[in-house]
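Right, one structure below, let's go through it.
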């Protein structure tokens, strides 16, 4: 609107461009654009993170053979994160010139939103206690999610505090933190979901050997990319430099930049076994039964692959979704559609 129709939402008064007074200048503020952008962008991060948390919770329950610890706490915490995500956006703007009072408000809300995040992680970790854990591929990715997301969350706390953010803002530390959450957190969980639900999608199983190569290669190279960024940021290396070496000659971090670069190349290479495994298994993978993981939730009651409408006939649900290891039962899983 400002560029095309010469409105002044973001254009301050008395702008001069190439010696000419700009016709669209008015009483706007460029800072309003940052508010608008981050009001969108920060809730978007939680949109990316919440579904993977649900994926990990589903896989952990299935492979520990026990109900989730603190199920209601998990649900309410996810709802709390969704609500609170709309009142923390300006922790990206502590050094933009906002008032100290406003900065303190966003500092407090940012610290508050960390509470349900920690609650979710704690419930998932406690769900492992006393479980008969099966170490298959989906579970490996789900377990990797826990420490990697924890690193991402803990490294975000200094960015939510006004004092430490002054130093860390717009450094590689921010890049490392963000990608530990969204890449090593969310994408690792999405891989877990692919390996877990692939038999339901196509009625076939992905190759385990290629899957383990992909797992170890992906987890180690992701840490090799984003871990060094945290050290580079703590040393003061700025982000968004077209030539990082222009600044690095005065900083002892060029070696970390090399490690991060080669790790990125290796990460790309380790995705090739996954791509091949996925498409090859669609047609030539080992055929599986309808419920190979012996899961309890509703989707495993439909054929593999599911027909149009998913279910051949409308299912009847008799119980909750996590009836694992019920005392007195011969099997350690009790599907929702199975009569009492």
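Numerical summary
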read-out: Condition met for residue 96 (surrounded by fewer than 18 Cβ atoms within 10 Å (Cβ to Cβ) and either in a loop (DSSP other than H, G, I, E, B) or at pLDDT below 95 (or both)); value: yes
read-out: Residue that is surrounded by the most Cβ atoms within 10 Å (Cβ to Cβ) [pool: residues in the range 281-300 that are in a loop (DSSP other than H, G, I, E, B) and in contact with a helix residue (DSSP H, G or I) (Cβ under 6 Å, 6 or more places away or on another chain)]; value: 295
read-out: Among (1) more than 17 Å from the chain's Cα centre (by Cα); (2) within 20 Å of residue 140 (Cβ to Cβ) - the single one residue 185 does not satisfy; value: (1)
read-out: Residue that is modelled with the lowest pLDDT, among those in the range 47-68 that are over 20 Å from residue 334 (Cα atoms), surrounded by fewer than 21 Cβ atoms within 10 Å (Cβ to Cβ) and in contact with a helix residue (DSSP H, G or I) (Cβ under 7 Å, 6 or more places away or on another chain); value: 48
read-out: Residue in the range 79-87 that is at pLDDT 90 or above, out of contact with any helix residue (DSSP H, G or I) (no Cβ under 8 Å at 6 or more places or on another chain), closer than 29 Å to residue 180 by Cα and part of a helix (DSSP H, G or I) present; value: yes
read-out: Count of residues meeting criterion [over 30 Å from residue 164 (Cβ atoms) and in contact with a strand residue (DSSP E or B) (Cβ under 8 Å, 6 or more places away or on another chain)] in the range 208-242; value: 0
read-out: Residue within the range 72-80 that is within 21 Å of the chain's Cα centre (by Cα) and within 21 Å of residue 163 (Cβ to Cβ) present; value: no
read-out: Any hit, the range 303-325, residues being at pLDDT 90 or above, part of a helix (DSSP H, G or I) and either closer than 30 Å to residue 131 by Cβ or in contact with a helix residue (DSSP H, G or I) (Cβ under 9 Å, 6 or more places away or on another chain) (or both); value: no
read-out: Options 125, 133, 120: the member that is within 22 Å of residue 76 (Cα to Cα) and in contact (Cβ under 8 Å) with a residue 60 or more places away in the chain; value: 120
read-out: Odd one out for residue 206, checked against (1) under 25 Å from residue 150 (Cβ atoms); (2) over 23 Å from the mean Cα position of the chain (by Cα); (3) at pLDDT 95 or above; value: (1)
read-out: Selection within the range 228-241 - surrounded by fewer than 18 Cβ atoms within 10 Å (Cβ to Cβ) and in contact (Cβ under 8 Å) with a residue 24 or more places away in the chain; value: 234, 236, 238, 239, 240
read-out: Among (1) within 27 Å of residue 59 (Cα to Cα); (2) surrounded by fewer than 17 Cβ atoms within 10 Å (Cβ to Cβ); (3) touching a residue at least 40 places away in the same chain (Cβ under 8 Å) - the single one residue 270 does not satisfy; value: (2)
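The values are calculated or read from the model by the stated rules, or taken from the named source; none is laboratory data. Note that the coordinates shown come from a computational prediction; the quantities given were computed from them, not determined experimentally. Note: ideal-geometry Cβ built from the backbone for every residue, glycine included; neighbour counts use all protein chains shown.
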